[in-house]
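Have a look at the structure below, then the notes.
Computed from the coordinates by the stated procedures, all read-outs in this text should not be read as laboratory data. Model, not experiment: these values are computed from the prediction. Cβ placement follows ideal geometry from the backbone for every residue including glycine, while neighbour counts extend to all protein chains displayed.
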Amino acid sequence: MLSVETTDGVQTWTMGFAPVNAIDPTFLDAMEKALDDTIGDPRVSVVVVTSGLRVFSAGADAAWMGRVVRERGASVLLEEFNQTMDRFRELCIRMRKSDVLFIAALNGHTLAGGLELAAACDLRWVADVERLQIGAPEMKLFGVLPSGGGGGQFIARLMGPARALQFVLEAENVSPARALELGLVERVCPADTLLDDARQFGVRVAAKAGRVGIGSAKRSLLEATSLGVYEALEVDRRVHWDAMRRGGFLPGVEAFVTEFGGRG
């Protein structure tokens, strides 16, 4: 199940697909519905994605994969797996393209497709628990890239291409502290405050920026930076003026002038 709670412009998605939040059609049904509802609700500016289990997510559902292989063969699994991962990739793309800020609050092991889901979020905060493992073991297990949710691309943009290549080829899990050093996560938090810290950050961002401000920042800082500098500057110009037109610039200017305008 997926529990959704909304407070002060911030939604918390708590994954509870026991035992390990495995990614399968049922998981995707719930996540897709939550995303549709969130995008359709302009009051929501931030989503914190976390887990109600001891694992954030361990990736694709091994039990489902085994059942398909036993009942219908490996070739059928290959087809069904690719169809399911296409849905997963589209979910990740829609999250990243939306005007909603997605924060992954990693409170348990984050592996394979679980890391892809986290990498597709805009920010990643992790609990300061030494035993917590973060990794992309696909190369070790199957000899393939972590690409069900586009993870190879998201991870490379977080870590840099060469460092990501080494990480993917080694296929060794890392601790939260090492993940911070590598650029896989942006913040390590005490385990008992991780979720509250992420929510409070979301409340502040929602109040200050809203969807317009968040969307413009995502366009400029997450998407345009993959372009050449002059193309990126043009994207930056467009989103800047659009955000000023639709967002809180004019009322902010009026308040600023009222407070400081007469002091010159």
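When we measure straight from the Cα of Lys208, which lysines land under 23 angstrom away, once same-chain ones fewer than 8 places off are left out?
Partners found: Lys97, Lys218.
Give me the percent relative contact order of the chain, please, defined on Cα pairs under 8 angstrom at least 6 residues apart.
On the way: 455 pairs, mean separation 45.5, N = 264.
Reported as a whole number, the value is 17 percent.
Once Lys and Arg get +1 and Asp and Glu get -1 on their Cβ, which of Asn173, Thr50, Ala206 lies farthest toward the positive end of the dipole of the chain?
The residue sitting most towards the positive pole is Ala206.
Of all beta bridges DSSP finds with both residues in the chain, what is the antiparallel percent, to the nearest 5?
On the way: 7 of 29 bridges.
Once the DSSP bridges in the chain are tallied, antiparallel ones form about 25 percent.
What value in Å³ per residue do you get for the convex hull of the alpha-carbon atoms in the chain?
Numbers: hull volume 39.9 nm³, N = 264.
Given the Cα convex hull of the chain, per-residue volume reads 151 Å³.
If you build the Cα gyration tensor of segment 25-134 and take the root of 5 times each eigenvalue, what three semi-axes come out, in whole angstrom, biggest first? All intermediate terms of the calculation are to be shown ahead of the outcome.
Numbers: eigenvalues 134, 75, 21 Å².
Largest first, segment 25-134 gives 26, 19, 10 Å.
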